[in-house]
Amino acid sequence: MELKTVDLTKRYGDFTAVNHMNLTMTNGVYGLLGVNGAGKTTLMRMLCTLLSPTEGKILCNGKDIFEMGGDYRKLLGYLPQDFGFYPEFTVRDYLLYIGALKGLRPAVAKKRVAELIPRVGLTKAEGRKMKKLSGGMKRRAGIAQAMLNNPRVLILDEPTAGLDPNERIRFRNLISELAEERLVLLSTHIVSDVEYIANEIWLMKDGSLVRQGTAGELITTMEEQVWKCRVSREMVPQLIKEYKISNIKTEPDGAELRVISGAQPMAGAVREEANLEDVFLYYFGEKTGEEPGFM
């Protein structure tokens, strides 16, 4: 399975949401990382044929997905940020209904629902109405509906929204299992969602890719740019204006700062090993400016 974008562009008037993007994906997990408004959802909606590109093409095994039509959509599973459901349906009835919409035969749909409900941790809730579910349970039901047709291409837009830490771990483990035999693309602005499971991570900003690579490769780009320093509380507001600060830990006699800087920010600062959160802050963070939020 290969999914490829060629100069993919989407414009809304003078605004360019996705700008001449060239990507190639095969089986595995791809993490699309960026702040809200980076163009992630627009890209995903084009990959799902819900939006037509202004320019460029999307190819599935060399064929234009818009020309493939239903043949492509049979290969596709999609979880949008906000997915609709009938509130009076139980979880099981909701999934059977979605299975019917996807054209699954009743016997096949029942079998898939029976397999997926425990896999996403909804066994105790399968008879509850959708309107009674917590936000995390609704997301799990959404993941299950995306998997009903056993897709070869699975596209997940902010899939862990509303999930607690234990559910996030369960989700990451599930995605790792699924990716052995399919292509998975997930978008998020939460670094930990992709740090441990993505074969490749794409950093997207203002409709364009600013960097791509494995987590290790991205972290390598930050070598010698992460510092730890201890300062007095009085110094913190000024440093927040001047540098990107990834962490502030208050201490009885001052504060410990984690600073992103190409040069030593002050005497006594020592280098720290970089992580993916540092990468995220480097590409997407901003200095606080004139109104520091440190008290």
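If a residue has to be hydrophobic (A, V, I, L, M, F, W, C) and open to solvent by less than 20 Å² (accessible area, probe 1.4 Å) to count, how many in the stretch 190-223 make the cut?
10
Pairs under 8 Å by beta carbon, first residue in contact (Cβ under 8 Å) with a residue 40 or more places away in the chain in the stretch 88-115, partner aromatic (Phe, Trp, Tyr) and in a loop (DSSP other than H, G, I, E, B), six or more apart or different chains?
That search, which allows pairs on different chains as well, returns Tyr94/Phe85; Tyr94/Tyr86.
What strands (runs of 3 or more DSSP E) completely inside the stretch 1-65 contain at least 2 residues that are open to solvent by 10 Å² or more (accessible area, probe 1.4 Å)?
Ranges flagged: 3-12, 15-25, 55-60.
For the stretch 231-247, enumerate the residues that are in a loop (DSSP other than H, G, I, E, B) and acidic (Asp, Glu).
None; the set is empty.
Among (1) part of a loop (DSSP other than H, G, I, E, B); (2) farther than 26 Å from Leu8 by Cβ; (3) of a type in the set (Phe, Trp, Tyr), where does Phe83 come up short?
Against the list (1) part of a loop (DSSP other than H, G, I, E, B); (2) farther than 26 Å from Leu8 by Cβ; (3) of a type in the set (Phe, Trp, Tyr), Phe83 comes up short only on (2).
Got a number for residues in the stretch 122-149 being open to solvent by 10 Å² or more (accessible area, probe 1.4 Å) and in contact with a Lys or Arg (Cβ under 6 Å, 6 or more places away or on another chain)?
2
With the requirement that a residue be modelled with pLDDT of 90 or more, more than 15 Å from Met222 (Cβ to Cβ) and either open to solvent by 40 Å² or more (accessible area, probe 1.4 Å) or in contact with a Cys (Cβ under 9 Å, 6 or more places away or on another chain) (or both), what does the stretch 238-254 give you?
Gln238, Leu239, Lys241, Glu242, Ile248, Lys249, Thr250
Evaluate the following for Gly99: is it part of a loop (DSSP other than H, G, I, E, B) and either surrounded by 15 or more Cβ atoms within 10 Å (Cβ to Cβ) or over 27 Å from the mean Cα position of the chain (by Cα) (or both)?
Considered against the rule, which asks whether it is part of a loop (DSSP other than H, G, I, E, B) and either surrounded by 15 or more Cβ atoms within 10 Å (Cβ to Cβ) or over 27 Å from the mean Cα position of the chain (by Cα) (or both), Gly99 comes out as no.
Restrict the check to the stretch 271-284 and report whether at least one residue is loosely packed, with under 14 Cβ neighbours inside 10 Å and over 25 Å from Ile169 (Cβ atoms).
Yes; the residues of the stretch 271-284 include at least one that is loosely packed, with under 14 Cβ neighbours inside 10 Å and over 25 Å from Ile169 (Cβ atoms).
What do you reckon, is Leu133 touching a strand residue (DSSP E or B) at 6+ places or on another chain (Cβ under 6 Å) and either under 26 Å from Gly39 (Cβ atoms) or touching a residue at least 40 places away in the same chain (Cβ under 8 Å) (or both)?
In short, no.
The values are calculated or read from the model by the stated rules, or taken from the named source; none is laboratory data. This structure is a prediction, so every number in the text was calculated from the model and none was measured. Neighbour counts run over all protein chains shown; Cβ positions are idealised from the backbone, glycine included. Surface areas here come from the heavy atoms of the whole protein model, side chains and all, with no ligands, DNA or RNA. Shrake-Rupley method; radii C 1.70, N 1.55, O 1.52, S 1.80 Å.
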